1. Taking only the range 43-73 into account, find how many residues are assigned to a helix (DSSP H, G or I) and either open to solvent by 40 Å² or more (accessible area, probe 1.4 Å) or more than 21 Å from residue 137 (Cα to Cα) (or both).
2. Return the total of residues in the range 229-244 being open to solvent by less than 20 Å² (accessible area, probe 1.4 Å), over 13 Å from the mean Cα position of the chain (by Cα) and within 25 Å of residue 68 (Cβ to Cβ).
3. Of all residues in the range 194-224, count the ones that are closer than 29 Å to residue 6 by Cβ and within 19 Å of the chain's Cα centre (by Cα).
4. Looking only at residues that are of a type outside the set (Lys, Arg) and open to solvent by 40 Å² or more (accessible area, probe 1.4 Å) in the range 245-260, which one is farthest from residue 2 (Cα to Cα)?
5. Kindly list the number of the only condition in (1) closer than 18 Å to residue 14 by Cβ; (2) open to solvent by 40 Å² or more (accessible area, probe 1.4 Å) that fails for residue 211.
6. Any residue at all in the range 121-129 that's within 14 Å of residue 65 (Cβ to Cβ) and outside any helix (DSSP H, G or I)?
7. If residue 267 passes every condition in (1) open to solvent by 10 Å² or more (accessible area, probe 1.4 Å); (2) over 14 Å from the mean Cα position of the chain (by Cα); (3) over 21 Å from residue 8 (Cβ atoms); (4) touching a residue at least 40 places away in the same chain (Cβ under 8 Å) but one, which one does it miss?
8. Consider residue 163 carefully, then state whether it is touching a strand residue (DSSP E or B) at 6+ places or on another chain (Cβ under 8 Å), within 21 Å of residue 199 (Cβ to Cβ) and outside any helix (DSSP H, G or I).
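The values are calculated or read from the model by the stated rules, or taken from the named source; none is laboratory data. In this text the structure is predicted, and so the values were computed from the model without any measurement. Because the Cβ atoms are built from the backbone with ideal geometry, glycine has one as well, and the counts that use them run over all protein chains shown. The area values use the complete protein model at the heavy-atom level, side chains included, leaving out ligands, DNA and RNA. Shrake-Rupley method; radii C 1.70, N 1.55, O 1.52, S 1.80 Å.
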Amino acid sequence: MAQHMKDRIVALAGPRKAADMAKLVEKMGGTALLRPAQGTVFLDDEVLRASIDAWLKQPAPWAIFTTGIGLEAIYNTAEQMGLLPALNEILQHTSIAARGYKTVNALRKRDLSPLVRDDDGSTMGLIRALEPYDLSGQRVLLQLHGESAPKLVSWLEQRGAEVQQILPYQHIPPLEEDISLLIDEIIGAKVDAVTFTSAPQFRFLADYAREQGTLEAVLEAFRGPVLAVAVGKVTAQGLREEGIERMVVPEEERMGAMMVTLGRYFAQQS
């Protein structure tokens, strides 16, 4: 592999597959620092069961699915509850909106095709696609992935919809010492780049920096010596919402592709 990252230091904010990513950085001649900006993501089984139960007892005319993995979790849990036939039946008669190709694939696997889908993998793309529909007075089931989506929820509520959220996964905040160290390294430009594999990672970092009064210094570092890297469009949108303007995002939403794209970026700079 080309030594595109020679003498570069890359902080990895995503805890998943971090060791594999570190090896890639090292193969390209760089140094990887493991700086998890979130704790473990886990399936909140009890909350999910209660949400599915409430939904199937009182079906909503609309359902919005935002991640393939979240949809799979709903199906698996419904199956354990013996409610799979009821779920299938209800979704046949529900107007479905979907964000992202993985979500659409998970629906197709179950012979469901969304009435509405985004045009670019982002929440804003989903909002654009929902614009023509009258949601006033409609109940909308909204599947999220362990964090709220304030923009989407407020847009739906402005359109007069009643939003019922279903959050299969829960994102846990990172350890304070990990996030504090990462923030110091960003502000002190001790790293050349920070890679993020989910929007909550940057949200946790931004919230902590905000509390410490260092958010502006963090954003300033990302405007200059430190490069923000997002694994895909949804993560990139989360970074933009917190004020990051300059970032590297691969064409293909894969961790390996993210590292290759970052290496190419570095090669062009040197």
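1. 16
2. Qualifying residue count, the range 229-244: 1.
3. Total satisfying the criteria: 8.
4. 245
5. So residue 211 meets the others, but not (1).
6. Yes.
7. Every listed condition holds for residue 267 apart from (3).
8. yes
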